[in-house]
Amino acid sequence: MSASAPQAKPTGNKLAIADFTVTMGYLGREMRRHTWQLVLLAVVMTAGAGLGLVTPRSLGTIVDIANDGGEASQIWRLSAIMAASAVGAALLAGLGVMLAASIFESILANLREAMIDASLRLQLTRVETAGSGDLVSRATADVSTVSEAIGSAVPTLLTAAFTVGVTFLGLATLDWRFLIVLVVILPVYVNGIRMYLQRAPGLYAAVRASTADRAHHVLGAIRGLESVHAFRLSESLNRRIDSHSWEVVRWEMRASVLQSRLGARVNLGEFIGMTTILIVGFALVDADSLTIGAVTAAMLFFLLLFDPIGQLLFVVDDLQSGAVALGRIVGVIEESKTTAVPTAAGSPEPQAPLLELRAITHGYSVDHTVLHDISLTLSPGEHVAVVGSSGAGKTTLASIVAGIHRPSEGRTLLEGVDITTIDPTELSRSIALVTQEVHVFAGTLGDDLRMAAPEATDEALWSALDVVGAGNWVRGLSDGVKTVVGQEGHQLTPMQSQQLALARLVLLDPKVAILDEATADAGSVGAGVLEESAQAALRGRSALIIAHRLSQAARADRIVFMERGRIVEVGTHTELVSLGGRYGDLWKAWSRGRAGTNTN
């Protein structure tokens, strides 16, 4: 995107919202992929609308035949023509629906894929800053709103527009003076649309924003459910969620009132239009300029307009809501393009270590520095354990090494290249982070493993499972790697879920593996098993281990002890125990605790 091109604009800490120009530009590019299909759709709809006029025109002719005392055979012939035109109009309407569904469902599918892709490309820090509820509401509520607009409102708009255009052309063929009705009703409808468009965008933007705020607070309560119960926060959180829910209701009620005002304009236009047709028709018949049958046809033509004109005006409501939602989705897509594109990669430094942290300082706010001047290297095949009390900055350090957070100061280099210059996809293959909060993807166990290596064979999957010690329990499942897991499938234990994550690590085979307390949730029973699994998964590869248990640290080639965001001790396990410093004291206390537990 060029520097002068319109872009999605950020709204405070929230994710960006695309303006009208950017949103319509995105929609236009999608529709240009279906140019010939859209042309065919226009032809079909025009023909269908034309056939729809045959019946009212024929009824007008029948009135003239009856008034002039014509023959019954003429009426039978016109009846056959009406029947044939009705069948033709129905067939063309069905074909139009099929074409519209093919075009717009394809556009909608591309939009969903682009939204998911953009969501996964956003920096985690950006999502956290905006609030997860903002992204979730765009990926769910906004996508649903756009789906409704594209799936039903847009085809309805096209059908109604062609029907209105062809019907007014039919009125003109009866007598051009019937077009006076356009002059009379147009100001009523234009005034209604102008009133609506002036107020609707702000209203629907407020509805979508308040919905996102409500989702943010609901998700926060659900994710922290254990803490909510432990600290008895249910009542205060319910009040907060209730407040945000009523805010959504207030904005939606205002939108409903605006819709009602638009409906009143529609009814007024219908009344004035019908009255105008009657007056013009009476004058033309009185002047012998037109027959009663022709005026009857004109009345029927205008009656045919009631539904499509109402649809045109009321579909504006769905389109306006859809446009606001689409702007929020396109905003995420456009923002992901700017946040995911790295700067130009530089040349690797000669004789550089595999991984190097240079003077890393980081804070989540100006007055809250978490890491202070951290410098560290990691050699090929080396295991470095990071130890320290809670709040020492260990997890933040792991996130910076993985490229999730960008440090406030300093650089992280992989093989001499700054990781901010490496393509995010390539970086994710080179540095992998496994935390204690692992996720089991819905689907078969094999599908879950292939998230790391899509082309992996079944043999490769079994090999990875065997490496981490999960092969036996997977073979015990009814369908092995084809067993469905996830929320709707077989429920894995925390230890099994962690072994599955470690197996994905083996399949990915990154240059650097980071384990952030990856064995912490196993409990005392599974701790030893998971430590062995982690050790096997890391064998032969470089690793940074945020150690939850000191037994993990003792196995490492080197130990880094952190305190208050600083490195205070570095050395092997033996060196640090002999030194008698902070790590030595911690090791003695931990060893005494284990001895006491074993004695009991």
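The values are calculated or read from the model by the stated rules, or taken from the named source; none is laboratory data. Just so you know, these numbers come straight off a predicted model, no measurement behind them. Neighbour counts are summed over all protein chains in view; Cβ atoms, including those assigned to glycine, are modelled from backbone coordinates with ideal geometry.
Some points to look at:
- Some residue of the stretch 152-169 being crowded, with 20+ Cβ neighbours inside 10 Å and within 30 Å of ARG214 (Cα to Cα): yes
- Any chance ASP242 is farther than 30 Å from ILE65 by Cβ and either at pLDDT below 85 or within 28 Å of the chain's Cα centre (by Cα) (or both): yes
- Set side by side, the residues GLY346, GLY331 differ, and just one is closer than 21 Å to PRO424 by Cα and modelled with pLDDT of 85 or more, which is GLY331.
- Test result for THR599, out of contact with any helix residue (DSSP H, G or I) (no Cβ under 8 Å at 6 or more places or on another chain), at pLDDT 85 or above and farther than 29 Å from LEU492 by Cα: no
- For the stretch 189-231, the set of residues classified as modelled with pLDDT of 75 or more and not in a helix (DSSP H, G or I) consists of GLY224 only.
- Counted residues, the stretch 127-136 - those being buried (at least 16 other Cβ atoms within 10 Å of the Cβ) and either on the phi > 0 side of the Ramachandran plot or of a type in the set (D, E, K, R) (or both): 2
Each row is one residue, and each column tells you yes or no for (1) closer than 18 Å to SER336 by Cα; (2) within 24 Å of the chain's Cα centre (by Cα); (3) crowded, with 16+ Cβ neighbours inside 10 Å; (4) not assigned by TED's automatic domain parsing to the domain that holds ASP557.
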site: HIS383; (1), (2), (3), (4): no, no, yes, no
site: GLY388; (1), (2), (3), (4): no, no, yes, no
site: VAL401; (1), (2), (3), (4): no, no, yes, no
site: LEU413; (1), (2), (3), (4): no, no, yes, no
site: THR421; (1), (2), (3), (4): yes, no, no, no
site: LEU427; (1), (2), (3), (4): yes, yes, yes, no
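- The C-beta contact set for the stretch 231-257 (first residue basic (Lys, Arg), second residue modelled with pLDDT under 80 and surrounded by 15 or more Cβ atoms within 10 Å (Cβ to Cβ), distance under 7 angstrom, 6+ apart or interchain) comprises ARG240/HIS217.
- THR338 being polar (S, T, N, Q), under 18 Å from LEU174 (Cα atoms) and in contact (Cβ under 8 Å) with a residue 12 or more places away in the chain: no
- Residues in the stretch 183-227 that are of a type in the set (D, E, K, R), within 27 Å of LEU319 (Cβ to Cβ) and over 18 Å from the mean Cα position of the chain (by Cα): 2 in all.
- Of all residues in the stretch 56-105, those being assigned to a helix (DSSP H, G or I) and under 16 Å from ILE292 (Cα atoms) number 13.
- Yes/no for ARG450 being surrounded by fewer than 18 Cβ atoms within 10 Å (Cβ to Cβ), closer than 22 Å to ILE514 by Cβ and among the basic types (Lys, Arg): no
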